[in-house]
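Structure record follows, encoded as structure tokens.
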Amino acid sequence: MTETRYKPDGYRSVQPYLIVTGAAELMSFAVAAFDAEVIEHHLTPTGTVQHGALRIGDSIVEFADGNAQWPMAPAALHLYVPDCDAVFARAVAAGGTVVYEVTDHEYGERSGGVKDPCGNSWFIATLTS
């Protein structure tokens, strides 16, 4: 029995979708901070991002510039990485604003939080136990 393809290869059933002001800046931030790979990047005739997709680790984050129909909606994302201290430092160097410094938590992870230039919060974490 042949399975009907219902989503793009490599995509999960649930994908974060960030609607921001300054999607091109978000894309540059994610590439510099998280070694994101740009998978898609489609512009409107006026030069705003109509739709884009980034691969970060084994996950995909989709994004677009907001407009009257789809207003900006900041989000929070939890990102697991092998070395949260190094990635946190890269995220700050790439223009992220510190939400909280990297610290060990009782629930078995080390993490720190940054806001990207578009106002989304990224909680960058590594398991400690």
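Net length available on complete extension from Thr97 to Val38 is 19.0 nm, with 0.36 nm assigned per residue and the Cα-Cα distance removed. Taking trypsin sites (Lys or Arg not before Pro) in DSSP loop states with no more than 11 other Cβ atoms inside 10 Å as exposed sites, the chain has its longest site-free stretch at 13-129. The mean sequence distance of close C-alpha pairs (under 8 Å, at least 6 residues apart), as a share of the length of the chain, puts its relative contact order at 24 percent. Principal-axis analysis of the Cα atoms of the chain puts helix 23-34 at an angle of about 40° to the longest axis.
Note on the chain: helix-only mean residue ellipticity at 222 nm, from DSSP H runs of 4+ residues weighted -39500 (n - 2.57) and normalised by residue number, equals -5000 deg cm²/dmol. Axis of helix 84-93 versus longest Cα principal axis of the chain: the two differ by about 60°, to the nearest ten degrees.
Qualifying chymotrypsin sites (Phe, Trp or Tyr not before Pro) in the stretch 39-113, where qualification requires a DSSP coil assignment and no more than 10 other C-beta atoms within 10 Å, comprise Tyr107. For the options Asp85, Asp116, Asp58, a Gaussian network treatment of the chain with springs between C-alpha atoms closer than 10 Å singles out Asp58 as fluctuating the most. Pro117: net charge of surrounding residues, Cβ under 15 Å, Lys/Arg +1, Asp/Glu -1, itself excluded? Its environment carries a net charge of -1.
Quick note: the coordinates plus some simple rules give every number you see, no bench work behind them. As the structure is a computational prediction, the values presented were derived from the model and not from experiment. Positions of Cβ are backbone-derived with ideal geometry, glycine not excepted, and every protein chain shown enters the neighbour counts.
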